[in-house]
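No value in this document is a laboratory result; all are computed from the given coordinates. Predicted model, so just to flag it, every value in this text is computed and none were measured. Cβ: placed from backbone, ideal geometry, glycine included. Neighbour counts: every protein chain shown.
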Amino acid sequence: MRICVVTATRAEFGLLSGLMRLIDDSTAFELQVVVSGTHLLEDFGNTVQDIANEGFSVSRTVDSITQARTGFDVASQVGAGITGFANAFTELDPDFVVVLGDRYEMFAATQAAFFLGIHTLHIHGGEVTHGALDDSIRHAITKLASVHCVAHEEYASRVIQLGEQPESVHIVGSLGIDQLHNTALQTRQELEIDLDMEINDPVLLVSYHPVTNGQSDARNEALELVASLEGMEKATIILTMPNADPGHQFISEIFRAAAEGNGPGWVFRESLGRVRYWSVMALAAVVVGNSSSGLLEAPSFPTATVNIGPRQSGRIVADSVVSCEPNKDSITQALEQALSGPFQQELRNVENPLGGPGAAKRIFRVLESVSKSNLERKIFYDLGREK
């Protein structure tokens, strides 16, 4: 079987690479890799090179989806992306397309596969993030996909609630946790060389993305966050590039200026890469921002998380997470709580609610067990009528 994995961001590839390795090493499968999104942009670190560096061959690129400044950009790029992915899938003729998550690049890819009659395996469906348009996109992908690999029993129930047949839904855990346990992390000394800075405690890893659902002001939120971080005088502040959603340019400009203006204890990077990102997370006292990594992976170290605003609202969270509003006072209060001695001490008792490693192998086994003959007809599963 030809298995086509679609990736559009550095974070997503970091999660998928273990599964990709299993597929690539298998004699039963042929791995195809289609690359799009910020992987292809120099401003975001040109991370398509990371894929090549890990030994994977890029089968096709779809460059019609890049970065968006407005909702019109997103809408027009999704349309162009459907055409781009349709061309790629027609040329590659995969038996299955694998997509992860909820970004609009994956929405375009799944629509293209659906209309071409190619089955899609969707990873990390059933989750809820009230503060992002990704929430609706994720559920739309679920309705187009044939097979669902979810991270938690609650998410499986939600996918079935959407009308998917229970036998098509598989609880596999989190790929992020899986990757953490299979990644050799860098030491503090190695990170200091790579980042060209002295790393002093406490370390704050900052990853903040635009809020795309509801009222939001990315520029003001970034300024409020930076104002709060500037109050942490002895901390090492490591800021990462936001994703490519509308409003990202304000966040990146403010983060870059803050790193340049606050001395040697601050650094801004377009892309840390998976190993450096998790290595910093392991050293960090707190992950700060609204990235899913603060909820999905940070509890496994365990590292405290200050989760800002509504972007991740609705996800299952560990006891290591402190949520706050996107303003200076609320962020500062949350940081003080997360950095306090009692809270840091309690972290040793934290368990990640998404479990331990093994997700990639479980998804691989799902691929092995899938029979196309059993997937030809997609029937709505009605909870009110099914016995």
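May I ask you to sort 43, 134 by Cβ crowding, counting other Cβ atoms within 10 Å and putting the fewest first?
Numbers: 43 14, 134 24.
If I rank by nearby Cβ atoms, fewest first, I get 43, 134.
May I have the convex hull volume per residue, in Å³, for the Cα set of the range 188-349?
Taking only Cα atoms, the range 188-349 has a hull volume of 102 Å³ per residue.
In 10 Å bins starting at 0, how do the alpha-carbon pair distances of the range 193-232 split up by percent?
22, 41, 27, 10, 0
Filter the GluC sites (Glu not before Pro) in the range 164-205 down to the DSSP loop ones having no more than 12 other Cβ atoms within 10 Å, then list what survives.
Values: sites: 164, 167, 190, 192, 198; in loops: 164, 198.
Of the GluC sites (Glu not before Pro), the ones in loops of the range 164-205 whose Cβ has at most 12 other Cβ atoms within 10 Å are 198.
Can you pull the semi-axes for the range 1-116, root of five times each eigenvalue of the Cα gyration tensor, sorted largest first, whole Å?
On the way: eigenvalues 97, 59, 23 Å².
That gives 22, 17, 11 Å for the three semi-axes.
Can you give the helix-only mean residue ellipticity at 222 nm for the chain, where every DSSP H stretch with n ≥ 4 adds -39500 (n - 2.57) and the sum goes over all residues, rounded to the nearest 500 deg cm²/dmol? Present the calculation step by step, with values, prior to reporting the outcome.
Details: 15 runs with 160 residues, N = 387.
Theoretical 222 nm ellipticity from helices: -12500 deg cm²/dmol.
For a quick check of your reading of the filter: which trypsin sites (Lys or Arg not before Pro) in the range 37-141 sit in a DSSP loop and have no more than 14 other Cβ atoms within 10 Å? Spell out each step's value before the answer.
Values: sites: 60, 69, 103, 138; in loops: 69, 103.
Sites meeting the loop and neighbour criteria: 69.
Arrange the following residues from fewest to most other Cβ atoms within 10 Å of their Cβ: 104, 381.
On the way: 104 22, 381 18.
Taking fewest neighbouring Cβ atoms as first place, the list is 381, 104.
Explain nothing, just the number: relative contact order of the chain, from Cα pairs under 8 Å at least 6 residues apart, as a whole percent. Before the final figure, lay out the partial values.
On the way: 773 pairs, mean separation 63.5, N = 387.
Relative contact order comes out at 16 percent.
If you place +1 on the Cβ of every Lys and Arg and -1 on the Cβ of every Asp and Glu, how big does the dipole about the Cα centre of the range 24-157 come out, in debye to the nearest 20? Could you put the intermediate results ahead of the total?
Details: 5 positive and 19 negative charges, 93 e Å.
Here the size comes out at about 440 debye.
What is the fewest-to-most order of 234, 328 by other Cβ atoms lying within 10 Å of their Cβ? Could you put the intermediate results ahead of the total?
Working: 234 8, 328 17.
Fewest to most other Cβ atoms nearby, the residues stand as 234, 328.
Any chance you could give the angle, 0 to 90 degrees and rounded to 10, that helix 273-283 forms with the longest Cα principal axis of the chain?
For helix 273-283, the angle is close to 50 degrees.
Work out, in µm²/s and without decimals, the Stokes-Einstein translational diffusion coefficient of the chain at 25 °C, 0.890 mPa s, Rh from Kirkwood over C-alpha pairs.
For the chosen part, D equals 116 µm²/s.
Using the Cα centre of the chain as the reference point, and only Cβ charges (+1 on K/R, -1 on D/E), how large is the resulting charge dipole? Debye, rounded to the nearest 20.
Values: 28 positive and 49 negative charges, 191 e Å.
So the magnitude is around 920 debye.
For a paramagnetic label modelled at 7 Å from the Cα of residue 194 toward its Cβ, which residues of the range 35-64 fall within the zone defined by backbone nitrogen distances under 19 Å?
Inside the label zone: 39, 44-56.
Using the charge dipole of the chain (Lys, Arg: +1 at Cβ; Asp, Glu: -1 at Cβ; taken about the Cα centre), state which of 152, 228, 35 has its Cα farthest towards the positive end.
Toward the positive end, the furthest listed residue is 152.
Between helix 71-92 and the chain, what is the angle of the helix's C-alpha long axis to the longest principal axis, kept within 0 to 90° and rounded to the nearest 10?
50
How many lysine pairs are close in the chain, with Cα atoms under 26 Å apart and the two 8 or more places apart or on different chains?
For the chain, the number of qualifying lysine pairs is 9.
Gap in Å between the Cα centre of the range 191-212 and the Cα centre of the range 1-80?
Here the two parts' Cα centres lie 25 Å apart.
Compute, for the range 188-349, the length of the dipole vector about the Cα centre, with Cβ point charges of +1 (Lys, Arg) and -1 (Asp, Glu) only. Units Debye, rounded to 20.
Numbers: 11 positive and 21 negative charges, 76 e Å.
Dipole of the range 188-349, to the nearest 20 debye: 360 debye.
Calculate how steeply helix 359-369 sits against the longest principal axis of the alpha-carbon atoms of the chain, using the helix alpha-carbon long axis, and give the answer as 0 to 90 degrees to the nearest 10.
With both axes taken from Cα atoms, the answer is about 0 degrees.
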